[in-house]
Amino acid sequence: MIYIGIDVAKDKHDCFIVNSDGEVIKDVFTIPNTLNGFNTLLEAIPNVSKDKIKVGLEATGHYSLNL
């Protein structure tokens, strides 16, 4: 299983990706709250065929809706 944690904010999101063994896949990184930022996040997610991906994010009002 791949876990993605996202701390949501108005202008940027802080992200972290880890697997179920606790191995850090991508240490904390920040993306802008833009389409380019979302594409950066997608590129950081490993290409996994057998693993499932769970995303947890902070629901900070409407700032997380477009994500």
Sparsely packed trypsin sites (Lys or Arg not before Pro) within the chain, loop by DSSP, other Cβ within 10 Å at most 12: K10, K50, K52
Run the helix sum for the chain: -39,500 (n - 2.57) per DSSP H stretch of 4+ residues, divided by residue count, reported at 222 nm to the nearest 500 deg cm²/dmol. -4500 deg cm²/dmol
Using every alpha carbon pair in the chain, what percent of pairs falls into each 10 Å bin from 0 up to the bin containing the largest distance? 21, 54, 23, 1
Treating the beta-carbon of each Lys and Arg as +1 and of each Asp and Glu as -1, no other charges, what is the dipole magnitude of the chain about its Cα centre, to the nearest 20 debye? 200 debye
Accessible area of the chain with a 1.4 Å probe: how many percent of it is carbon plus sulfur? 52 percent
Taking the chain, the lysine pairs whose C-alpha atoms sit under 22 Å apart (8 or more places apart or on different chains) add up to 5
Given the chain, what percent of its DSSP beta bridges are antiparallel, to the nearest 5? 70 percent
Note down the net charge around G56, summing +1 for each Lys or Arg and -1 for each Asp or Glu among other residues with Cβ under 13 Å from its Cβ. -2
With the other protein chains left in place, how much accessible area per residue, in square angstrom, belongs to the range 13-67 at a 1.4 angstrom probe? 71 Å²
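The values are calculated or read from the model by the stated rules, or taken from the named source; none is laboratory data. These numbers were taken from a predicted model, which means no experiment stands behind them. Quick reminder, even Gly has a Cβ in these numbers, built from the backbone with ideal geometry, and neighbours come from all protein chains shown. These area figures cover heavy atoms from the full protein model, side chains too; ligands, DNA and RNA do not enter into them. Shrake-Rupley method; radii C 1.70, N 1.55, O 1.52, S 1.80 Å.
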